[in-house]
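First the structure, in the form of C-alpha coordinates, and then the observations on it.
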(Lines give C-alpha, C1' and ligand atoms only; values in the text may rest on other atoms or scores of the structure.)
Protein backbone atom coordinates (compact mmCIF):
# COMPACT_ATOMS: atom_id res chain seq x y z
CA UNK A 1 0.00 0.00 0.00
CA UNK A 2 1.33 3.42 -0.93
CA UNK A 3 -0.08 5.96 1.52
CA UNK A 4 0.82 9.54 0.52
CA UNK A 5 1.92 12.00 3.19
CA UNK A 6 -0.64 14.52 4.42
CA UNK A 7 0.44 18.06 3.71
CA UNK A 8 -0.78 20.54 6.29
CA UNK A 9 -1.38 24.12 5.26
CA UNK A 10 -3.87 26.46 6.83
CA UNK A 11 -4.01 30.04 5.63
CA UNK A 12 -3.45 32.71 8.33
CA UNK A 13 -5.02 36.03 8.39
CA UNK A 14 -2.89 38.68 7.18
CA UNK A 15 -3.94 40.96 4.45
CA UNK A 16 -5.51 44.22 4.36
CA UNK A 17 -6.98 46.44 1.66
CA UNK A 18 -4.49 47.48 -1.02
CA UNK A 19 -6.33 50.69 -1.78
CA UNK A 20 -8.54 53.04 0.16
CA UNK A 21 -9.77 55.33 -2.56
CA UNK A 22 -13.11 57.09 -2.36
CA UNK A 23 -14.47 59.77 -4.67
CA UNK A 24 -17.22 61.86 -3.09
CA UNK A 25 -19.68 64.41 -4.33
CA UNK A 26 -17.88 67.32 -5.97
CA UNK A 27 -17.91 70.51 -3.93
CA UNK A 28 -18.49 73.92 -5.46
CA UNK A 29 -15.51 75.11 -7.44
CA UNK A 30 -13.79 74.38 -10.73
CA UNK A 31 -10.34 73.15 -11.64
CA UNK A 32 -8.06 75.91 -12.80
CA UNK A 33 -5.31 75.40 -15.38
CA UNK A 34 -1.85 76.91 -15.26
CA UNK A 35 -0.06 78.41 -18.21
CA UNK A 36 1.98 75.22 -18.50
CA UNK A 37 -1.19 73.20 -18.88
CA UNK A 38 -0.96 71.48 -15.47
CA UNK A 39 -4.17 71.27 -13.48
CA UNK A 40 -4.31 72.72 -9.98
CA UNK A 41 -6.78 72.03 -7.22
CA UNK A 42 -9.24 74.89 -6.81
CA UNK A 43 -10.84 75.90 -3.52
CA UNK A 44 -13.34 73.31 -2.30
CA UNK A 45 -11.81 70.50 -4.37
CA UNK A 46 -9.12 69.01 -2.14
CA UNK A 47 -7.15 65.83 -2.59
CA UNK A 48 -5.75 64.18 0.54
CA UNK A 49 -4.17 60.84 1.32
CA UNK A 50 -3.96 58.18 4.01
CA UNK A 51 -0.80 56.22 4.79
CA UNK A 52 -2.02 52.63 4.60
CA UNK A 53 1.10 51.32 6.41
CA UNK A 54 0.27 53.43 9.47
CA UNK A 55 -3.41 52.58 9.21
CA UNK A 56 -2.56 48.88 9.09
CA UNK A 57 -0.23 49.08 12.09
CA UNK A 58 -2.38 51.25 14.35
CA UNK A 59 -6.06 50.56 13.67
CA UNK A 60 -7.20 48.75 16.82
CA UNK A 61 -9.98 46.82 15.04
CA UNK A 62 -7.59 45.44 12.43
CA UNK A 63 -4.99 44.47 15.05
CA UNK A 64 -7.62 42.62 17.09
CA UNK A 65 -8.92 40.79 14.03
CA UNK A 66 -5.39 39.83 12.97
CA UNK A 67 -4.54 38.50 16.44
CA UNK A 68 -7.77 36.51 16.65
CA UNK A 69 -7.40 34.96 13.20
CA UNK A 70 -3.73 34.11 13.75
CA UNK A 71 -4.70 32.39 17.01
CA UNK A 72 -7.37 30.33 15.25
CA UNK A 73 -4.94 29.45 12.47
CA UNK A 74 -2.25 28.28 14.88
CA UNK A 75 -4.77 26.18 16.84
CA UNK A 76 -6.09 24.61 13.64
CA UNK A 77 -2.58 23.82 12.43
CA UNK A 78 -1.70 22.19 15.76
CA UNK A 79 -4.86 20.08 15.67
CA UNK A 80 -4.26 18.96 12.07
CA UNK A 81 -0.61 18.23 12.80
CA UNK A 82 -1.56 16.07 15.78
CA UNK A 83 -4.08 14.09 13.72
CA UNK A 84 -1.61 13.70 10.84
CA UNK A 85 1.13 12.42 13.16
CA UNK A 86 -1.27 9.89 14.67
CA UNK A 87 -2.21 8.77 11.16
CA UNK A 88 1.42 8.39 10.12
CA UNK A 89 2.01 6.30 13.22
CA UNK A 90 -0.80 3.95 12.20
CA UNK A 91 0.65 3.70 8.72
CA UNK A 92 4.06 2.86 10.15
CA UNK A 93 2.59 0.15 12.36
CA UNK A 94 0.79 -1.36 9.38
CA UNK A 95 3.96 -1.33 7.30
CA UNK A 96 5.76 -3.18 10.09
CA UNK A 97 3.05 -5.72 10.84
CA UNK A 98 1.32 -6.05 7.48
CA UNK A 99 3.27 -9.11 6.37
CA UNK A 100 1.97 -11.08 9.37
CA UNK A 101 -1.66 -10.27 8.55
CA UNK A 102 -3.99 -12.36 6.47
CA UNK A 103 -5.06 -11.06 3.08
CA UNK A 104 -8.45 -10.09 4.49
CA UNK A 105 -6.88 -8.24 7.42
CA UNK A 106 -4.55 -6.32 5.10
CA UNK A 107 -7.42 -5.33 2.84
CA UNK A 108 -9.52 -4.17 5.79
CA UNK A 109 -6.64 -2.19 7.32
CA UNK A 110 -5.71 -0.54 4.03
CA UNK A 111 -9.32 0.50 3.42
CA UNK A 112 -9.54 1.97 6.92
CA UNK A 113 -6.28 3.89 6.45
CA UNK A 114 -7.39 5.19 3.07
CA UNK A 115 -10.66 6.42 4.56
CA UNK A 116 -8.81 8.10 7.43
CA UNK A 117 -6.43 9.74 4.97
CA UNK A 118 -9.35 11.12 2.98
CA UNK A 119 -10.96 12.42 6.17
CA UNK A 120 -7.75 14.25 7.10
CA UNK A 121 -7.49 15.79 3.65
CA UNK A 122 -11.13 16.89 3.82
CA UNK A 123 -10.61 18.36 7.30
CA UNK A 124 -7.53 20.23 6.11
CA UNK A 125 -9.44 21.70 3.18
CA UNK A 126 -12.56 22.61 5.14
CA UNK A 127 -10.52 24.27 7.91
CA UNK A 128 -8.57 26.32 5.39
CA UNK A 129 -11.79 27.33 3.62
CA UNK A 130 -13.48 28.27 6.88
CA UNK A 131 -10.58 30.46 8.00
CA UNK A 132 -10.35 32.05 4.57
CA UNK A 133 -14.06 32.87 4.61
CA UNK A 134 -13.85 34.37 8.09
CA UNK A 135 -10.83 36.44 7.06
CA UNK A 136 -12.64 37.77 3.98
CA UNK A 137 -15.69 38.69 6.05
CA UNK A 138 -13.60 40.52 8.67
CA UNK A 139 -11.57 42.38 6.03
CA UNK A 140 -14.81 43.48 4.35
CA UNK A 141 -16.06 44.88 7.69
CA UNK A 142 -12.78 46.76 8.16
CA UNK A 143 -12.85 48.12 4.61
CA UNK A 144 -16.49 49.16 4.99
CA UNK A 145 -15.71 50.98 8.27
CA UNK A 146 -12.81 52.90 6.73
CA UNK A 147 -14.75 53.66 3.55
CA UNK A 148 -17.81 54.90 5.46
CA UNK A 149 -15.72 57.20 7.63
CA UNK A 150 -13.76 58.60 4.66
CA UNK A 151 -16.99 59.24 2.77
CA UNK A 152 -18.44 61.20 5.69
CA UNK A 153 -15.17 63.04 6.27
CA UNK A 154 -14.94 63.97 2.61
CA UNK A 155 -18.47 65.35 2.63
CA UNK A 156 -17.72 67.38 5.76
CA UNK A 157 -14.36 68.69 4.58
CA UNK A 158 -15.09 69.02 0.88
CA UNK A 159 -12.47 66.46 -0.17
CA UNK A 160 -12.86 65.39 -3.78
CA UNK A 161 -10.61 62.35 -3.49
CA UNK A 162 -8.83 60.36 -0.79
CA UNK A 163 -5.78 58.48 -2.00
CA UNK A 164 -3.77 55.76 -0.28
CA UNK A 165 -0.02 55.81 0.18
CA UNK A 166 2.21 52.84 0.97
CA UNK A 167 6.00 53.13 0.96
CA UNK A 168 7.50 51.22 -1.94
CA UNK A 169 4.11 50.32 -3.40
CA UNK A 170 2.34 53.48 -4.41
CA UNK A 171 1.59 55.55 -7.47
CA UNK A 172 2.28 58.66 -5.38
CA UNK A 173 5.95 59.53 -5.79
CA UNK A 174 5.74 62.72 -3.75
CA UNK A 175 3.13 64.30 -1.55
CA UNK A 176 2.92 67.35 0.66
CA UNK A 177 2.72 66.17 4.27
CA UNK A 178 0.00 68.74 4.94
CA UNK A 179 -2.31 66.55 2.83
CA UNK A 180 -1.73 63.54 5.10
CA UNK A 181 -4.88 62.89 7.16
CA UNK A 182 -3.79 59.48 8.50
CA UNK A 183 -3.62 60.57 12.13
CA UNK A 184 -7.07 62.13 11.97
CA UNK A 185 -8.54 59.02 10.36
CA UNK A 186 -6.86 56.67 12.82
CA UNK A 187 -7.95 58.69 15.82
CA UNK A 188 -11.56 58.76 14.67
CA UNK A 189 -11.66 55.07 13.69
CA UNK A 190 -10.10 53.91 16.97
CA UNK A 191 -12.42 56.15 18.97
CA UNK A 192 -15.39 54.73 17.10
CA UNK A 193 -14.21 51.14 17.59
CA UNK A 194 -13.56 51.61 21.32
CA UNK A 195 -17.02 53.12 21.75
CA UNK A 196 -18.56 50.14 19.94
CA UNK A 197 -16.64 47.71 22.17
CA UNK A 198 -17.80 49.56 25.28
CA UNK A 199 -21.43 49.44 24.14
CA UNK A 200 -21.09 45.76 23.29
CA UNK A 201 -19.64 45.00 26.73
CA UNK A 202 -22.47 46.86 28.46
CA UNK A 203 -25.01 44.93 26.43
CA UNK A 204 -23.42 41.61 27.37
CA UNK A 205 -23.42 42.54 31.06
CA UNK A 206 -27.14 43.40 30.95
CA UNK A 207 -27.87 39.99 29.46
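The values are calculated or read from the model by the stated rules, or taken from the named source; none is laboratory data. Quantities reported herein were computed from a predicted structural model and do not represent experimental measurements. Positions of Cβ are backbone-derived with ideal geometry, glycine not excepted, and every protein chain shown enters the neighbour counts.
Name every residue in segment 93-105 that is exposed (fewer than 10 other Cβ atoms within 10 Å of the Cβ) and either in contact (Cβ under 8 Å) with a residue 24 or more places away in the chain or under 47 Å from the mean Cα position of the chain (by Cα) (or both), in order of residue number.
Selection gives 96 alone.
Conditions (1) touching a strand residue (DSSP E or B) at 6+ places or on another chain (Cβ under 9 Å); (2) modelled with pLDDT under 90; (3) farther than 30 Å from residue 121 by Cα, marked per residue:
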{"site": "38", "(1), (2), (3)": "no, yes, yes"}
{"site": "45", "(1), (2), (3)": "yes, yes, yes"}
{"site": "56", "(1), (2), (3)": "no, yes, yes"}
{"site": "59", "(1), (2), (3)": "no, no, yes"}
{"site": "67", "(1), (2), (3)": "no, no, no"}
{"site": "70", "(1), (2), (3)": "no, no, no"}
{"site": "75", "(1), (2), (3)": "no, no, no"}
{"site": "79", "(1), (2), (3)": "no, no, no"}
{"site": "85", "(1), (2), (3)": "no, no, no"}
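How many residues are free of Cβ contacts under 8 Å to residues at least 12 places away in the same chain and either outside any loop (DSSP other than H, G, I, E, B) or within 13 Å of residue 49 (Cβ to Cβ) (or both) if we restrict to segment 149-182?
9
Among 141, 116, which is at pLDDT 90 or above, within 14 Å of the chain's Cα centre (by Cα) and assigned to a helix (DSSP H, G or I)?
141
State yes or no: is residue 108 at pLDDT below 95, in a helix (DSSP H, G or I) and buried (at least 16 other Cβ atoms within 10 Å of the Cβ)?
No.
Given the conditions (1) closer than 21 Å to residue 63 by Cβ; (2) in contact with a helix residue (DSSP H, G or I) (Cβ under 8 Å, 6 or more places away or on another chain), which single one is not true for residue 162?
For residue 162, the failing item is (1).
Before we move on, is residue 186 assigned to a helix (DSSP H, G or I), within 19 Å of residue 60 (Cα to Cα) and either touching a residue at least 24 places away in the same chain (Cβ under 8 Å) or in contact with a helix residue (DSSP H, G or I) (Cβ under 6 Å, 6 or more places away or on another chain) (or both)?
yes
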